[in-house]
Amino acid sequence: MSAINLVAIESALRELQKVFPEINQSLFDRRDPLDNDVVSNMLDGYAMVDRLVCDDIDIFAMGQLHYWLELNAAVLCGLEASVRTRHHRLIEATETRFYEQPDGGIREIMDWCALKEDKSVWRRAAGVYIRILSEPQLFIEGNHRTGALIMSYLLAREGRAPFVLTEDNAREYFNPSSVFKKSKKHTLVMRFKMPGLTRAFADYLEHQTNNAFLVSAESSEA
């Protein structure tokens, strides 16, 4: 059984890959090329999200937080053991940062989520994403891509389509993400701006929803 349409996601990412050099030129901050390795690793990540959702694994529960690190390793290194072995120092350093980063590690995100359980899934996904990206970032590398997968997990777990970067939504995703990345979590200014940024990004997530990326119940049964 599958919750996410991985074939449709791959098609969208491959189409984006063709036009990404042009899109990249129009962004506030230039992004790394969307090469074949990046696309392949993201597809591995979406497949992992699909398994987590279908197996009803709550990656926000204590004892399951290591799945966040697995998703990050997937977008950076893929699933091949040999590649992960070559990058073992980065993976180990990321784990240390993830659990021990003062005022910015996973504990801060979990505390925020505990206070926002009554909010819409769009609001929670947006809030988590902003907290992954803003300084200090949750991971050493791959925060944008891992953040997209975490949002997709939250959405798919509640029957919503996962977030997928496409030709149509890339600019509206990367430009505010650049703002989030340059913002420090615990400054007075950011605390004042955070609710508005979260609402705006939640609206973006909701309005760009594409159910083609979600497997319908009928398709699953078939």
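The table that follows gives values for the structure above.
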item	result
For residue 179: the one exception among (1) assigned to a helix (DSSP H, G or I); (2) under 14 Å from the mean Cα position of the chain (by Cα)	(2)
Which numbered condition residue 170 misses (of (1) within 25 Å of residue 21 (Cα to Cα); (2) surrounded by fewer than 18 Cβ atoms within 10 Å (Cβ to Cβ))	(2)
Qualifying residues in region 55-69 (those that are more than 19 Å from residue 156 (Cβ to Cβ) and of a type in the set (A, V, I, L, M, F, W, C)) - the one surrounded by the fewest Cβ atoms within 10 Å (Cβ to Cβ)	62
From 164, 179, residue being surrounded by 16 or more Cβ atoms within 10 Å (Cβ to Cβ) and either within 20 Å of residue 38 (Cβ to Cβ) or in contact with a Pro (Cβ under 9 Å, 6 or more places away or on another chain) (or both)	164
Qualifying residue in region 2-9 (condition: surrounded by 13 or more Cβ atoms within 10 Å (Cβ to Cβ), touching a Pro at 6+ places or on another chain (Cβ under 7 Å) and not in a helix (DSSP H, G or I))	yes
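Laboratory data are not the source of any read-out in this text; all were calculated from the coordinates shown. In this text the structure is predicted, and so the values were computed from the model without any measurement. Note that we place each Cβ from the backbone using ideal geometry, even for glycine, and neighbour counts take in every protein chain shown.
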